[in-house]
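First up is the structure itself, then whatever we jot down about it.
The values are calculated or read from the model by the stated rules, or taken from the named source; none is laboratory data. The shown structure was predicted, so the numbers you read here are calculated from the model rather than taken from an experiment. Using ideal geometry, Cβ is built from the backbone for each residue, glycine included, and neighbour counts are taken over all protein chains shown. Protein only, heavy atoms only, side chains kept; ligands, DNA and RNA dropped before computing areas. Shrake-Rupley method; radii C 1.70, N 1.55, O 1.52, S 1.80 Å.
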Amino acid sequence: MSKHANKLNEIPFSVLDLSPITAGSTPADSFRQTLELAQLAEKLGYNRFWLAEHHNMPFIASSATSVVMSHVAAGTSKIRIGSGGIMLPNHAPLVIAEQFGTLESLYPGRIDLGLGRAPGTDQGTARALRRDLGSTGDDFPEQLAELRGYFDPSLAQGNPIKAIPGEGLNIPIWLLGSSGFSAKLAGELGLPFAFAAHFSPLNTLGALQIYRKAFKPSNVLDKPYAMLALNIITAETDKEAKRLFTTIQQQFLNLMSGNLKPLQPPVDDISEVASSYQLKALEQQLGSSIVGSQQTVKDKLHIFLEESQADEIMAIAQVYDHKARLHSYELLAEITKSER
């Protein structure tokens, strides 16, 4: 067991943000608050700030992910800015190469390109995005190879088309996953891997095992590097943190029922708005979430790190109240620095 399993300050902590749209607010509000969160994350010493691509979801404003990344990068100076992720089957690889080549040219040494193969939306919206009704994401390895070739011509396999800007730029590529497919591919290619433990907890340890077993050293990494995304909500008390967490729980209940709406205010007790069946489904979907006071979060993080041996943790806090969201990240930062 590596020593970082017992020391929270020995691994990096990062932030995943969806530019959440809360009830009664606008995407413009979301982008302003996203930048405020990124600036705080930079001040507190978080390693990266990633934004996720989703579409046709009234509670997420980061659909034009590259554009929001530029907004955040322009308002910060040191923290790495990335995509968590770009859903590559939704885009032509050349377009993504040019977008991220532009971002890296504008903000050199600060851009991460996290890639996923899911649509990040429903099937109808995926068809609207892709226009190719036969595209299912099964050609993700080929799309990835094409994309990597635009950055590194030695991988281009005779493709005469150039990404300008993009060609020759060193932009770290991460594979994202919630199952074993991308875990195996990331390992075989020697790329860093980010797993969505915040909504796929049951697959976490299995995917990490697949990644580490499949890993082959590359010119990118000489050993596996796994980052895990987790719902982490920290408050002054366990009771308050659990109350804030009910916003995420309501979000997943709405997703399950197809009743999509902006993020809802927290409730005192989730069992008041969820059936016993729904509560079980929430536990299955959100079971890895770490919610509580600083001491509770610290204890649970230690256990999680011992089990997962994660190299980095990416915290996501879908909290309705923006000030409470900022405070959650402040409290988490205190925890991660408390073991020096």
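Here R212 does not qualify as assigned to a helix (DSSP H, G or I), of a type in the set (K, R), open to solvent by 70 Å² or more (accessible area, probe 1.4 Å) and closer than 25 Å to A324 by Cβ.
Filter region 216-274 for residues that are within 22 Å of E312 (Cα to Cα), open to solvent by 30 Å² or more (accessible area, probe 1.4 Å) and in contact with a helix residue (DSSP H, G or I) (Cβ under 7 Å, 6 or more places away or on another chain) and give the result. Listed by number, the residues that qualify are K216, S218, P224. Taking first residues from region 292-306 that are without any contact (Cβ under 8 Å) to a residue 24 or more places away in the chain and partners that are surrounded by 18 or more Cβ atoms within 10 Å (Cβ to Cβ), the Cβ contacts under 8 Å between residues at least 6 apart in sequence or on separate chains come to K300/I290; K300/G292.
Checking each residue in region 63-85 for being at pLDDT 95 or above and touching a strand residue (DSSP E or B) at 6+ places or on another chain (Cβ under 6 Å) picks out T65, V68, M69, V72, A73, I79, R80, I81, G82, S83. Taking interchain pairs and intrachain pairs at least six residues apart, which have beta carbon atoms under 8 angstrom, with the first residue in region 42-65 and touching a residue at least 60 places away in the same chain (Cβ under 8 Å) and the second of a type in the set (D, E, K, R) and not in a loop (DSSP other than H, G, I, E, B)? Close Cβ pairs satisfying both conditions: L44/E330; N47/R80; N47/E312; R48/R80; R48/D112; W50/D17; W50/D112; A52/D17. Listed by first and then second residue, the pairs linking a residue in region 121-133 that is under 17 Å from L88 (Cβ atoms) and open to solvent by less than 40 Å² (accessible area, probe 1.4 Å) to a residue that is modelled with pLDDT under 65 and not β-branched (V, I, T), with Cβ atoms under 7 Å apart and 6 or more places separating them unless they lie on different chains, are A126/P119.
When residues of region 12-30 are filtered for being over 12 Å from I60 (Cβ atoms) and open to solvent by 20 Å² or more (accessible area, probe 1.4 Å), how many remain? So the answer is 7.
Taking every residue in region 15-41 that is closer than 10 Å to V72 by Cβ and small (G, A, S) and pairing it with any residue that is open to solvent by 40 Å² or more (accessible area, probe 1.4 Å) and at pLDDT 95 or above, at least 6 positions away or on another chain, the pairs with Cβ-Cβ distances below 8 Å are S19/P27; S19/F31; S19/Q33.
Yes/no per residue for (1) part of a helix (DSSP H, G or I); (2) farther than 26 Å from Q39 by Cβ; (3) open to solvent by 10 Å² or more (accessible area, probe 1.4 Å):
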position: K298; (1), (2), (3): yes, no, yes
position: H302; (1), (2), (3): yes, yes, yes
position: L305; (1), (2), (3): yes, yes, no
position: Y320; (1), (2), (3): no, no, yes
position: R325; (1), (2), (3): yes, no, no
position: S328; (1), (2), (3): yes, no, no
position: L331; (1), (2), (3): yes, no, no
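Of all residues in region 36-62, which are open to solvent by 30 Å² or more (accessible area, probe 1.4 Å), under 22 Å from L332 (Cα atoms) and within 16 Å of the chain's Cα centre (by Cα)? Selection gives N47 alone.
Looking at region 260-291 only, could you name the residues that are assigned to a helix (DSSP H, G or I) and free of Cβ contacts under 8 Å to residues at least 40 places away in the same chain? Steps first, answer last, please.
To start, the set of residues in region 260-291 that are assigned to a helix (DSSP H, G or I) comprises 270-272, 276-286.
Of everything in region 260-291, those that are assigned to a helix (DSSP H, G or I) and free of Cβ contacts under 8 Å to residues at least 40 places away in the same chain turn out to be I270, S271, E272, S276, Y277, Q278, L279, K280, A281, L282, E283.
Out of the residues in region 307-317 that are of a type outside the set (A, V, I, L, M, F, W, C) and open to solvent by less than 10 Å² (accessible area, probe 1.4 Å), which is nearest to L8 (Cα to Cα)? Across region 307-317, the extreme among qualifying residues is E312. Pairing each residue of region 193-208 that is in contact (Cβ under 8 Å) with a residue 12 or more places away in the chain with any residue that is assigned to a loop (DSSP other than H, G, I, E, B) and crowded, with 24+ Cβ neighbours inside 10 Å, provided the two are 6+ apart or on different chains, yields C-beta distances under 6 Å for T204/A197.
Summed over region 282-296, residues that are of a type outside the set (S, T, Y) and surrounded by 15 or more Cβ atoms within 10 Å (Cβ to Cβ) total 7.
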